[in-house]
1. Looking at region 79-106, which of its residues are crowded, with 20+ Cβ neighbours inside 10 Å, touching a helix residue (DSSP H, G or I) at 6+ places or on another chain (Cβ under 8 Å) and part of a strand (DSSP E or B)?
2. Is it fair to say residue 34 is loosely packed, with under 12 Cβ neighbours inside 10 Å and touching a residue at least 60 places away in the same chain (Cβ under 8 Å)?
3. Does residue 5 satisfy being out of contact with any helix residue (DSSP H, G or I) (no Cβ under 8 Å at 6 or more places or on another chain) and in contact (Cβ under 8 Å) with a residue 40 or more places away in the chain?
4. Among 154, 138, 113, which is the only one that is touching a helix residue (DSSP H, G or I) at 6+ places or on another chain (Cβ under 9 Å) and either in a helix (DSSP H, G or I) or buried (at least 17 other Cβ atoms within 10 Å of the Cβ) (or both)?
5. Given the structure, is residue 30 part of a loop (DSSP other than H, G, I, E, B) and either closer than 24 Å to residue 112 by Cβ or outside the structural domain of residue 163 (by TED's automatic domain parsing) (or both)?
């Protein structure tokens with residue numbers, strides 16, 4: 001298993017003794033999904049946190065027939081419907097793959113049991129939750145402080161290869177703009193280069 005990618009991310013947050021890593025690793029389940037696969041439907045309870053080693057996923061919601069991309073996750077990132085996962089309530093968002101995805105899943109029950117048995121695992125859970133909060137906070141600030149073009153350029157700077165595989169409509173809704181506006185931004189950026 002390529003679990004070392006998970007370990008490397010966790011160890012960026014806190015030092016990890018081998019016994020603690022082995023306990024954490026024991027609850028990892030490999031995942032492999034094709035492109036355009038729905039991992040969690042709106043209205044269902046999220047039972048896993050996913051770690052992506054290859055590919056891209058999205059979190060989205062619906063407004064009538066319109067799909068609104070709330071978040072993306074790329075290699076070396078965790079993703080779930082966090083509100084549903086934590087509160088054990090039906091999810092207001094869905095999770096789906098954009099490209100084929102490889103990675104790992106932590107099941108809710110396994111994670112809770114590990115938290116009860118291992119203080120380091122509980123600390124890791126808290127630190128990962130803090131990282132998710134920081135990501136969300138930075139995204140909110142970006143909407144207030146940066147233009148759609150600047151947000152798009154940041155997305156490109158961080159995930160250029162995978163962004164090219166995401167449909168324009170998904171990126172546009174993630175940026176809070178119409179697909180036509182994103183097409184205009186892309187044309188302007190190409191003209192500058």
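The values are calculated or read from the model by the stated rules, or taken from the named source; none is laboratory data. Not measured: the values here are computed from a predicted model. As a convention, Cβ positions derive from the backbone with ideal geometry for all residues, glycine included, and neighbour counts pool all protein chains shown.
1. 104
2. Taking the combined requirement at face value, the residue satisfies it.
3. yes
4. On the way: 138 fails: touching a helix residue (DSSP H, G or I) at 6+ places or on another chain (Cβ under 9 Å); 113 fails: touching a helix residue (DSSP H, G or I) at 6+ places or on another chain (Cβ under 9 Å).
Criteria check complete, one pass: 154.
5. no
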